[in-house]
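The structure appears below as structure tokens.
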Amino acid sequence: MSDAFKARAPFAPWDRRELPGLFSVEDTARRVGNYKWTEMRLFEVLGGWVATVPELDVKLVLGRHTYHHAWHAELWHKRLPELREMNQERMTVPANDAFVAFMDSVRDPEAPELTIEKLVGVYRVLIPRLIAVYTYHLNGTSTITDAPTIRSLKFALQDEFDDWRDGEMLLQSLIDTPEKVDRAARRQQELEKLYIRSGGIAGPGSLGETAEEQGAA
Amino acid sequence: MKKMLPESELARDERFVRSKIEDRIFDPRGPKLATRNTGPAMMATDRPAAAERSRSLMHGIFVGEIQALEGAGRTCFDFDDDEAPFQLKLDMARQCWDESRHCEISIKLGDHLGTEIGEYTESTFLYAAACNPDPVMRLTGVNRALEGLAIDVFNTMREFGKESTDPVLEFCEDWMLADEVTHVKMGSDWLRRLTEKDPERRERALEFQRTVDKIFNLGGFRGEQEENPVQLARRFRELAGFTDEENDSLSKLAAESTEEARQMSELLAGNN
Ligand SMILES: [Fe+2]
Ligand SMILES: [Fe+2]
């Protein structure tokens, strides 16, 4: 018999993927629906802000990032029916009312003088949390059964990291006086307080710290 | 942030100077300039004012791209989920990225041609088409009328780049032309989809498009005659979903605008 027919292990020695994962199909659909809702509200406001910021470099970066988050929303939209959620709209919801209040506040600034407030909300509060929540999901899900979610998470994370860096660099170049440092810090504090009230992008347990787990600790 | 941002609130840095379209049309210096023989207005290298015209047109393209970016961005934000389909907003977000690149390209092409931001004034009538509160009207006004104008402008500039053996200009305009054909196609597709069962709404949207198109003919700015700086790009308009009938009717509208502008300038010259 030729070597081509010799039995080989189905998993190569370097392939260490495992079956167990933290999320059921239902958990995953719920989280993915929360991600889609968040990315939608994010791309909408970035698009809306383009006309309200006088700084030309910021305007052009926001235009580019608008598409990145729309594309993430589309990735999640397409993942939902594969998770037995044929009615995508039903699952496209925020985690809770407190998260809606947080996003409303992120989206609130409008005046042309408020570029720092706009950017802090997105690049110092929301996007770092998207990175955290996506990373938790990526690290916790089954590397075999949930490979399609992993692929989308990795694409989205790549953009989130790049966009976070773009936004953070714009902020560092805009924050050039002690007063502006205070403004940025105040805005960040305000939003972080609203964020923790919601428990996170996917609600309590966004990073795995469920109420029971916290109680048991 | 409120929905529907009026034209007057578009944010600009200190370099930009806003002018009203009517101020430009009724500029008292216009008739005097018209009597000077600077040759036909069509963009061509043998025209005496070709270099100046290309710089001013490039600046106009640049501010037009900013407004196209802002208009697409506002369409992502202004409509709730039940007013505009998710996929339509995704298309608009994609257009934001494209228009943002067009701004970058036209800033660099402005440097290349020897103009700078703020050298010419900006009128915001392009963005005005993006203020319509009905998403179908807005899409038709922006993605068929405004983006259709962009096809004509980029094709004109691409030809000018070819004729003046400027490979940078020709290369960039060709890339932008490809994006604009895509944007018009989006507009044509959404108009068809959203008004499939509502012919009356479709007719209203097309009527709005004709009104916007008429404004964009800008007293002879666009057409198929030697006097029109920007030439109608029929071949690319067809690719983008315009029918022969639509192109013919636009051409007729443009010829009327050119004739009106000619009469107006003769009248004004006679009064001076
Ligand atoms: Fe464009
Ligand atoms: Fe466009």
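The values are calculated or read from the model by the stated rules, or taken from the named source; none is laboratory data. Note that this is a predicted model, so its numbers are computed, not measured. Cβ placement follows ideal geometry from the backbone for every residue including glycine, while neighbour counts extend to all protein chains displayed.
Can you find a residue that is without any contact (Cβ under 8 Å) to a residue 12 or more places away in the chain, within 24 Å of B:Asp91 (Cβ to Cβ) and at the interface with chain B (Cβ under 9 Å from one of its Cβ atoms) anywhere in region A:92-105?
For region A:92-105, residues without any contact (Cβ under 8 Å) to a residue 12 or more places away in the chain, within 24 Å of B:Asp91 (Cβ to Cβ) and at the interface with chain B (Cβ under 9 Å from one of its Cβ atoms): absent.
Out of curiosity, is B:Ile117 within 10 Å of chain A (Cβ to nearest Cβ), away from ligand 1 (no atom under 16 Å from the Cβ) and among the hydrophobic types (A, V, I, L, M, F, W, C)?
For B:Ile117, the condition - within 10 Å of chain A (Cβ to nearest Cβ), away from ligand 1 (no atom under 16 Å from the Cβ) and among the hydrophobic types (A, V, I, L, M, F, W, C) - is met.
Return the residues of region B:165-193 that are more than 16 Å from ligand 1 (Cβ to nearest atom) and in contact (Cβ under 8 Å) with a residue 60 or more places away in the chain; say none if nothing qualifies.
B:Trp190
Any chance region B:211-233 includes a residue that's assigned to a helix (DSSP H, G or I), away from ligand 1 (no atom under 16 Å from the Cβ) and farther than 25 Å from B:Arg158 by Cα?
Taking every residue of region B:211-233 in turn, at least one turns out to be assigned to a helix (DSSP H, G or I), away from ligand 1 (no atom under 16 Å from the Cβ) and farther than 25 Å from B:Arg158 by Cα.
Within the set of pairs 6+ apart or on separate chains, which have a first residue in region B:235-263 that is more than 19 Å from B:Ala178 (Cβ to Cβ), a second that is hydrophobic (A, V, I, L, M, F, W, C), and C-beta atoms under 6 Å apart?
B:Ser251/B:Leu232
Each row is one residue, and each column tells you yes or no for (1) over 23 Å from A:Asp27 (Cβ atoms); (2) surrounded by fewer than 24 Cβ atoms within 10 Å (Cβ to Cβ); (3) in contact with a Pro (Cβ under 9 Å, 6 or more places away or on another chain); (4) within 9 Å of chain B (Cβ to nearest Cβ).
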site: A:Pro54; (1), (2), (3), (4): yes, yes, yes, yes
site: A:Asp57; (1), (2), (3), (4): yes, yes, no, no
site: A:Ala73; (1), (2), (3), (4): no, no, no, yes
site: A:Val122; (1), (2), (3), (4): yes, no, no, no
site: A:Arg129; (1), (2), (3), (4): no, yes, no, no
site: A:Ala132; (1), (2), (3), (4): no, yes, no, no
site: A:Ile144; (1), (2), (3), (4): no, yes, no, no
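Within region B:146-164, is even one residue under 25 Å from A:Trp71 (Cβ atoms), among the β-branched types (Val, Ile, Thr) and either within 11 Å of ligand 1 (Cβ to nearest atom) or in a helix (DSSP H, G or I) (or both)?
No, the conditions are met nowhere in region B:146-164.
Against the conditions (1) in contact with a helix residue (DSSP H, G or I) (Cβ under 8 Å, 6 or more places away or on another chain); (2) more than 9 Å from chain B (Cβ to nearest Cβ), where does A:Asp27 fall short? Just the number, please.
Among (1) in contact with a helix residue (DSSP H, G or I) (Cβ under 8 Å, 6 or more places away or on another chain); (2) more than 9 Å from chain B (Cβ to nearest Cβ), the lone unmet condition for A:Asp27 is (1).
For A:Gly140, all conditions in the list (1) in contact with a Phe, Trp or Tyr (Cβ under 8 Å, 6 or more places away or on another chain); (2) under 18 Å from A:Lys78 (Cβ atoms); (3) touching a residue at least 24 places away in the same chain (Cβ under 8 Å) hold save one; what is the number of the exception?
(2)
Specify which of the listed residues (A:Lys78, A:Lys118) is within 14 Å of chain B (Cβ to nearest Cβ), within 28 Å of A:Leu171 (Cα to Cα) and among the basic types (Lys, Arg).
A:Lys118
I'm checking my understanding of the structure. Among residues of region B:238-253 that are closer than 19 Å to B:Lys185 by Cβ and among the aliphatic types (A, V, I, L, M), which one is surrounded by the most Cβ atoms within 10 Å (Cβ to Cβ)?
B:Leu250
Name the residues in region B:55-77 that are surrounded by 24 or more Cβ atoms within 10 Å (Cβ to Cβ), touching a residue at least 40 places away in the same chain (Cβ under 8 Å) and over 15 Å from the mean Cα position of the chain (by Cα), would you?
Within region B:55-77, B:Arg74, B:Thr75, B:Phe77 meet the criteria.
Which pairs do you get when a residue that is closer than 18 Å to A:Leu130 by Cβ, found in region A:154-177, comes within reach of a residue that is of a type outside the set (A, V, I, L, M, F, W, C) and at pLDDT below 95, reach meaning Cβ atoms under 6 angstrom, with the pair 6+ apart or on two chains?
So the pair list comes out empty.
Determine whether region B:48-61 contains at least one residue that is within 12 Å of chain A (Cβ to nearest Cβ) and out of contact with any Asp or Glu (no Cβ under 7 Å at 6 or more places or on another chain).
no
Please specify each residue of region A:92-115 satisfying the condition of being of a type in the set (A, V, I, L, M, F, W, C) and buried (at least 20 other Cβ atoms within 10 Å of the Cβ).
A:Ala95, A:Phe99, A:Phe102, A:Met103, A:Val106 - these are the residues of region A:92-115 that are of a type in the set (A, V, I, L, M, F, W, C) and buried (at least 20 other Cβ atoms within 10 Å of the Cβ).
Can you list residue pairs whose Cβ atoms sit under 7 Å apart, with the first residue in region B:125-154 being more than 14 Å from chain A (Cβ to nearest Cβ) and within 16 Å of ligand 2 (Cβ to nearest atom) and the second being of a type in the set (Phe, Trp, Tyr) and assigned to a helix (DSSP H, G or I)? Count only pairs 6 or more apart in sequence or on different chains.
Final answer for the pair search is B:Leu139/B:Trp190; B:Thr140/B:Phe208; B:Gly141/B:Phe208; B:Ala145/B:Phe216; B:Leu149/B:Phe216; B:Ile151/B:Phe236.
Within region B:92-114, restricting attention to residues that are more than 9 Å from every other protein chain (Cβ to nearest Cβ) and within 16 Å of ligand 2 (Cβ to nearest atom), which residue is surrounded by the fewest Cβ atoms within 10 Å (Cβ to Cβ)?
Ranking the qualifying residues of region B:92-114, first place goes to B:Ile105.
What's the number of the only condition in (1) over 20 Å from B:His59 (Cα atoms); (2) surrounded by fewer than 21 Cβ atoms within 10 Å (Cβ to Cβ); (3) small (Gly, Ala, Ser) that B:Ser164 fails to meet?
(1)
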